[in-house]
Amino acid sequence: MHDITMELSSSEQPPHVPKPHQWPALKEAVHHSQQLFRQVLSSMAEPGTFAEVDLAALPKDVAMSPAAWAVLLVLCDLDTRVWIADELNRDGLAEAIAFHTGARIVSRAEEADFALVMPSTCQAMPRFSEGSDIYPDRSTTLIVVLESLTEGRSDASPRGNTCWQLSGPGILNQRVLELDDTAEALMQRLALNRASFPLGLDTILTSGSSLTAIPRSTRIQKPLEGASPTPFTHPAKERV
């Protein structure tokens, strides 16, 4: 009886939640943060180009991507407000963000400077701030954690992915991103940015250690049905 009781008690124990200090910090506060910041800035300036971040391993089995965590480390500070989607608000993430950056976690999406989301969050898009006519910069930047994010290829459909063509400032002709089909609602929402420019949502897409960006000025569309997207060969990925 004692053994059974002990076994049941053990099975009822909550899963291990990483402590804030177990989440990785920057290797060297000044140099590393500058390099990461340059990667994010370059991705914003040239939408659809990829960067690979170099960061120590995240705690095992957390829902976050290393690239999304690196973006938080370099962009968040004491004056930053972060909103976390329910799908990601686990593994001690909120406590880790506060510990490493000092950023304040908010419960109202419209108050956020940065929002951590997954494609499923965008099925019913929260009311994020798009800025105002006087202060268009006071909008929410989305940091998206994706299962799949690659350079667009003509054989996307057989893999169950969708290609999206990007054009506009910072893009010569076009670039193509290939995302999992679960990102459909997200990309359709971002495509609406053009109608409200200069208001809108800037977005940083991440998967694993890869990241790219889609600022609000970017035009987004699907390739015409039956037409293969023109693949874009991006420059060598910059690595910290």
Residue 98-residue 133 pseudo-label distance in nm [points 7 Å out on the Cα-to-Cβ vector]: 3.9
log₁₀ of I(q)/I(0) at q = 0.14, 0.18, 0.19, 0.22 Å⁻¹ - segment 7-150, Debye sum with one point per alpha carbon: -0.71, -1.16, -1.29, -1.63
Just the number please: accessible area per residue for segment 36-92, 1.4 Å probe, all protein chains included, in Å². 41
At 10 °C and 1.306 mPa s, the Stokes-Einstein diffusion coefficient in µm²/s for segment 30-111, with hydrodynamic radius from the Kirkwood sum on alpha carbon pairs, is 115
Going highest first, how would you order 19-27, 173-181, 58-66 by mean Cβ packing within 10 Å? 173-181, 58-66, 19-27
Residue-span extension gain [residue 31 to residue 110] - 0.36 nm each, minus C-alpha spacing: 25.2 nm
Under 9 Å from the Cβ of residue 82, count the other residues' Cβ atoms, weight Lys and Arg +1, Asp and Glu -1, and hand me the total. +1
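The values are calculated or read from the model by the stated rules, or taken from the named source; none is laboratory data. On a predicted model such as this, the values are computed, not experimentally measured, just so you know. All Cβ positions, even for glycine, are placed from backbone atoms using ideal geometry, and neighbour counts span all protein chains on display. To get the accessible areas, we keep the full protein, side chains included, count just its heavy atoms, and leave off ligands, DNA and RNA. Shrake-Rupley method; radii C 1.70, N 1.55, O 1.52, S 1.80 Å.
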